[in-house]
Amino acid sequence: MEINNFGRVGVLMGGPSSEREISLKSGQAVFSALKQAGVDTVAIDITTDNQPENINLLKKYNLDCAFIALHGRFGEDGTIQSILEKMKLPFTGSGVQASRLAMDKIGSLEIFRKQGLCTPGSQFLEISAYKKSNKFKNELGFPLVVKPANHGSSIGLSIVDSEKEISVAIELAFQFDLRIIIEQYIKGRELTVGVLDEKALPVIEIIPKHKFFDFQAKYQAGLTEYIIPAHLDDELGQIVQIAALKAHKALGCFGCSRTDIILSQDNIPYLLEVNTIPGMTATSLLPKAAKIVGIDFSQLCFRLLELAYEKTKI
């Protein structure tokens, strides 16, 4: 598509989730790239999860298409996608169902297992059941990863090495969600694989200076080293890429995604989660991977807009 054919594009950013500040950075980066390229674009700060208010807000801008740069709840869980579908507005990324599935880490883990993909052993806790006894029967051993079921950016995540640490980690995770996941900690290499237009991008290895790739390591400069592409032999690299692409397709994702994987010490890729709206600053991981294959940040934004329009024809 030509730039002029995109019409008026609203870049939706901010949102009511705990990932609001990161979303604002993604949105501003996309807005600037589109604006500089001559696209008729407006930056729209979403400040509430109230659906009628958001519909009224979006109607004011007379949009032809929405570029979703909202991370976390409301942006990635199918809610904004449902609003845009009702308004018959094309939008970037996955549809309602795939967004809901990917955001629900419990549901998506079950889908991955049915597809024969490797995932860490896990147990699930619901807050009302836990509050009755304040006890958790550990069937997985140590170490463990404790995290909210519907959050990203490692918010509320803990790595637990002993029994005495479990209750604190569980209480922390429940601050962010009513359901949490407790899973085996897989020792290995942290990898992430972007998918763009149904093709896997080069594998990225993440080497945090902290114990794990936590919120601070993700967003504070100098705390993490990224190896792009990851140092994997061709066969192993393809195995990891295929696993990410299978996860993307299993959830019904569209346009782009980014899958987080732990490559175990015996070179088995364990799927952790799929992000349907990855970070979209020029230094975010999906754009970095796209750049390796010759797609710069502006071209990436254009392609996602093209795919938004193509999705309406499916």
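Are any residues in the stretch 64-97 closer than 18 Å to Ala33 by Cβ and either among the basic types (Lys, Arg) or buried (at least 24 other Cβ atoms within 10 Å of the Cβ) (or both), and if so, which ones?
Hits for the stretch 64-97 are Ala66, Phe67, Ile68, Ala69, Leu70, His71, Phe91, Thr92, Gly93.
Considering only residues that are open to solvent by 20 Å² or more (accessible area, probe 1.4 Å), of a type outside the set (A, V, I, L, M) and assigned to a strand (DSSP E or B), look in the stretch 159-196 and name the one that is nearest to Asp77 (Cα to Cα).
Here the answer is Arg179.
Note down all Cβ pairs under 7 Å where the first residue falls in the stretch 83-110 and is under 25 Å from Pro148 (Cβ atoms), the second is acidic (Asp, Glu) and assigned to a helix (DSSP H, G or I), and they're at least six residues apart or on different chains.
Val96/Glu85
Being open to solvent by 40 Å² or more (accessible area, probe 1.4 Å), within 18 Å of the chain's Cα centre (by Cα) and farther than 25 Å from Pro90 by Cα is the filter here; which residues of the stretch 266-314 pass it?
Correct list: Tyr270, Thr283, Lys288.
Cβ-Cβ under 6 Å, sequence separation 6+ or interchain: first residue in the stretch 266-285 and in contact (Cβ under 8 Å) with a residue 12 or more places away in the chain, partner in a loop (DSSP other than H, G, I, E, B) and of a type in the set (Asp, Glu). Which pairs?
Once the first residue is in contact (Cβ under 8 Å) with a residue 12 or more places away in the chain and sits in the stretch 266-285, its partners that are in a loop (DSSP other than H, G, I, E, B) and of a type in the set (Asp, Glu) give Thr276/Glu76; Ile277/Glu76.
Taking the criterion of being closer than 22 Å to Leu285 by Cβ, assigned to a loop (DSSP other than H, G, I, E, B), of a type in the set (A, V, I, L, M) and open to solvent by less than 40 Å² (accessible area, probe 1.4 Å), would at least one residue in the stretch 143-154 satisfy it?
Scanning the stretch 143-154, I find no residue that is closer than 22 Å to Leu285 by Cβ, assigned to a loop (DSSP other than H, G, I, E, B), of a type in the set (A, V, I, L, M) and open to solvent by less than 40 Å² (accessible area, probe 1.4 Å), so the answer is no.
Taking strands (runs of 3 or more DSSP E) that fall entirely within the stretch 1-100, which contain at least 3 residues that are among the β-branched types (Val, Ile, Thr) and either in contact with an Asp or Glu (Cβ under 6 Å, 6 or more places away or on another chain) or at pLDDT 95 or above (or both)?
Filter on the stretch 1-100 gives 41-46.
Out of all the residues in the stretch 111-118, is one or more surrounded by fewer than 21 Cβ atoms within 10 Å (Cβ to Cβ), β-branched (Val, Ile, Thr), modelled with pLDDT of 95 or more and within 29 Å of Leu191 (Cβ to Cβ)?
Yes, some residue in the stretch 111-118 is surrounded by fewer than 21 Cβ atoms within 10 Å (Cβ to Cβ), β-branched (Val, Ile, Thr), modelled with pLDDT of 95 or more and within 29 Å of Leu191 (Cβ to Cβ).
Identify all residues within the stretch 8-35 that are small (Gly, Ala, Ser), open to solvent by less than 40 Å² (accessible area, probe 1.4 Å) and at negative phi; write none if there are none. Quick ask: steps written out before the conclusion?
Here is the first cut: in the stretch 8-35, the ones small (Gly, Ala, Ser) are 10, 14-15, 17-18, 23, 26-27, 29, 32-33.
Then drop every residue that is not open to solvent by less than 40 Å² (accessible area, probe 1.4 Å), which leaves 10, 14-15, 17, 23, 26-27, 29, 33.
If the condition is that a residue be small (Gly, Ala, Ser), open to solvent by less than 40 Å² (accessible area, probe 1.4 Å) and at negative phi, then Gly10, Ser17, Ser23, Ser26, Gly27, Ala29, Ala33 are the ones that fit.
In the stretch 119-134, what count of residues is obtained for those that are open to solvent by less than 20 Å² (accessible area, probe 1.4 Å) and assigned to a helix (DSSP H, G or I)?
1
The values are calculated or read from the model by the stated rules, or taken from the named source; none is laboratory data. None of these values were measured; they are calculated from a predicted model. Positions of Cβ are generated from backbone atoms using ideal geometry, with glycine treated the same way; all protein chains shown enter the neighbour counts. What goes into the accessible areas is simple: the full protein's heavy atoms, side chains included, and nothing from ligands, DNA or RNA. Shrake-Rupley method; radii C 1.70, N 1.55, O 1.52, S 1.80 Å.
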